[in-house]
Amino acid sequence: MIESTLNFIESKVGEAVGIGEVGLDYWYREVRKDEEKKKLQQGVFSTLLKIAKRNDKPVIIHSRGAWKDSVDMAIEVGVKKAVFHWFTGPKEVLEKLLERGFFVSTTPAAEYSKEHQRTIENTPLENLLLETDSPVNYRGFEAEPAHVIRSLSAVAKLKGLSENVVADKTTENALRLFRLEI
């Protein structure tokens, strides 16, 4: 099943603006303590990173509890463009991904997550994108695409900037990263 899914992605990659959300998730204890499960995730993730690199596509990376491994693997494979979805990892790992020119995406969790807020505060606006992570339940509300405004407001507040400035710059970032035109 994994191989057929990877083959499908490879066959359709030309139709996509990026590959993702893909990555590593060590959050749950049964994964953290099981090297075989981690190796399986790493193998699939490595293959997807290589597909992205071969096809010059940005990759949207999920790295929950696996921040260092995710960043190191993206760098090792030589991915040129990446966005780390809802990054909450250590500052030194954040600095490493920012040195590569990678992006961090902001979700409505920026309203309450101290780790996510710290990431946003330590990420230049030139490296930020906005998203909602829909569909997911954020503290009693079901996220939907319109809630990107919550992400926008949280970034503006944390950065001490107007929502217009943040909206303009993060839109410019997304257009550049995904090679989109308005």
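At a glance:
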item: Residue within the stretch 89-111 that is among the aromatic types (Phe, Trp, Tyr) and surrounded by fewer than 21 Cβ atoms within 10 Å (Cβ to Cβ) present; result: no
item: Sole residue being under 17 Å from SER70 (Cβ atoms), among the acidic types (Asp, Glu) and not in a strand (DSSP E or B), chosen from GLU92, GLU181, GLU126; result: GLU92
item: Answer residue from the stretch 129-163, given it is among the polar types (S, T, N, Q) and either assigned to a helix (DSSP H, G or I) or free of Cβ contacts under 8 Å to residues at least 12 places away in the same chain (or both) and is surrounded by the most Cβ atoms within 10 Å (Cβ to Cβ) among those; result: SER151
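Each reported figure results from applying straightforward, stated rules to the coordinates on display, with no laboratory input. Predicted model only: the values in this text are computed from it and were never measured. Backbone-built Cβ (ideal geometry, glycine too); neighbour counts: all protein chains shown.
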